[in-house]
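What follows is a set of notes on a single structure, which appears directly below.
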Ligand code: 5GP
């Protein structure tokens with residue numbers, strides 16, 4: 001693999017989206033677009049946020065080996081289209097923004113993949129960030145908090161753990177990791 005496959009994970013609300021947006025703006029990266037069976041949220045565009053597909057199509061993709069990794073969480077399937085990513089990797093570093101089970105699967109298929117886990121400075125801080133989003137019910141926030149505990153429990157299997165305390169320092173830290181990994185290639 002010539003280019004870097006960067007896998008960024010971390011609990012919902014930790015700021016992965018913002019970090020990715022900055023990386024894409026400032027660097028030469030491509031973001032992978034995942035397939036999901038969940039419904040689009042307001043403002044999410046087909047082919048940008050996700051490829052929104054039926055469960056049947058998703059299961060077909062699993063069968064035919066079309067996914068680099070996938071997982072089923074929050075009652076929906078999410079997966080990375082293999083060809084899409086492999087094509088992008090020919091010309092650029094690629095970022096996957098995915099959860100832990102998928103990230104660890106990706107590492108098995110692509111041992112050179114660089115796994116970075118983004119964590120909040122504190123759990124309380126994350127809870128309040130999630131509440132501020134106002135897009136979810138208390139039950140769903142609770143489910144995400146449980147999921148967070150699970151994700152954090154996998155942090156030692158990641159290559160790097162970055163605490164997202166201050167956005168600019170977080171981006172700098174991730175850029176340093178990328179530079180270092182490029183140097184190792
Ligand atoms: P959301 O529903 O909030 O967009 O995403 C929920 C979770 O699914 C997030 O942790 C996100 O990183 C993860 N996710 C998004 N795309 C993929 C994917 O292709 N594979 C896996 N394994 N997880 C994904």
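Write down the percent of antiparallel bridges among all DSSP beta bridges whose residues are both part of the chain, to the nearest 5. Before the final figure, lay out each step's value.
Values: 8 of 26 bridges.
Percentage antiparallel, nearest 5: 30.
Give the Cα extents of the chain along the principal axes, in whole Å, largest first.
44, 42, 30
Provide the convex hull volume over Cα atoms per residue for the range 62-117, in Å³. Each step should come with its number before you reach the end.
Details: hull volume 4.7 nm³, N = 56.
About 83 Å³ per residue, rounded to a whole number.
From Cα coordinates alone, what are the radius of gyration and Dmax values for the range 127-185 in angstrom?
When restricted to Cα atoms, the range 127-185 yields Rg and Dmax of 15.4, 45 Å.
Determine the relative contact order of the chain: mean sequence separation of Cα pairs under 8 Å and six or more apart, normalised by residue count, in whole percent.
Details: 264 pairs, mean separation 58.8, N = 185.
After rounding, I find 32 percent.
Would you compute, from DSSP H runs of 4+ residues alone, the mean residue ellipticity of the chain at 222 nm, taking -39500 (n - 2.57) per run and dividing by the full residue count, rounded to the nearest 500?
Taking each H run of at least 4 residues, the total per residue is -13500 deg cm²/dmol.
Need the C-alpha centroid separation for the range 19-37 versus the range 165-179, integer Å.
Each part's Cα centre sits 15 Å from the other's.
No lab work stands behind these numbers, since they all come straight from the coordinates. Note that the structure is a prediction, hence the values are computed from the model and not measured.
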